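One structure is given here, and the rest of the page talks about it.
The values are calculated or read from the model by the stated rules, or taken from the named source; none is laboratory data. All values reported here derive from a predicted model rather than from experimental measurement. Please note: Cβ atoms are built from the backbone with ideal geometry, for glycine as well, and neighbour counts cover all protein chains shown.
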Amino acid sequence: MVVIINMKNMKTILTNEHHGDHEHHGGHDHHHHGNFKELFYTTTLIAGILGIFPQDISYFLFKNLSMPLMVGLFVPTLLSLTLFILPPIFIYKSNKIREINRKGFNVYLAINAILGLLISSFSIIVFIAWLG
């Protein structure tokens with residue numbers, strides 16, 4: 001499984017930036033806003049992949065690295081939970097919320113919360129089922 005993300009195109013799509021458009025924003029450079037969106041949507045994507053495929057990852061790690069199956073299942077499950085939870089906390093704690101579009105953040109937060117709850121619930125159920 002390979003995930004390829006074209007970050008330049010993603011930034012253009014997510015930020016809806018147009019070059020030479022800075023005068024409409026009071027002359028301020030809002031170029032860094034895209035970095036937050038790239039980071040948070042990318043972590044949500046990675047968290048989703050880790051949370052949806054923990055069994056496949058576990059078997060892959062067992063086959064190729066002789067990692068015990070439960071460890072191989074626990075690691076992606078924990079990473080998935082962490083990647084869903086930490087970015088919104090990071091934004092809130094670092095006061096970066098004022099540097100990004102409030103509506104954009106609310107959309108991200110909603111997507112992150114819905115996907116995080118669904119995928120994390122699935123991951124935890126799978127982990128509990130593996131415990132016996």
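Brief remarks on what is shown
A quick yes/no check of all residues on (1) at pLDDT 95 or above; (2) surrounded by fewer than 14 Cβ atoms within 10 Å (Cβ to Cβ); (3) not in a helix (DSSP H, G or I):
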| position | (1), (2), (3) |
| --- | --- |
| ASN9 | no, yes, no |
| HIS18 | no, yes, yes |
| ASP29 | no, yes, yes |
| THR44 | no, no, no |
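- Note on segment 101-115: among residues that are farther than 13 Å from ALA47 by Cα and under 17 Å from the mean Cα position of the chain (by Cα), the one that is modelled with the highest pLDDT is ALA110.
- Number of positions in segment 46-71 that are over 10 Å from the mean Cα position of the chain (by Cα), part of a helix (DSSP H, G or I) and over 17 Å from ILE125 (Cβ atoms): 8
- Filter result for the condition that a residue is at pLDDT 85 or above and surrounded by fewer than 15 Cβ atoms within 10 Å (Cβ to Cβ), over LEU83, LEU118: LEU118
- Here VAL107 does not fit the description of being touching a helix residue (DSSP H, G or I) at 6+ places or on another chain (Cβ under 7 Å), β-branched (Val, Ile, Thr) and assigned to a helix (DSSP H, G or I).
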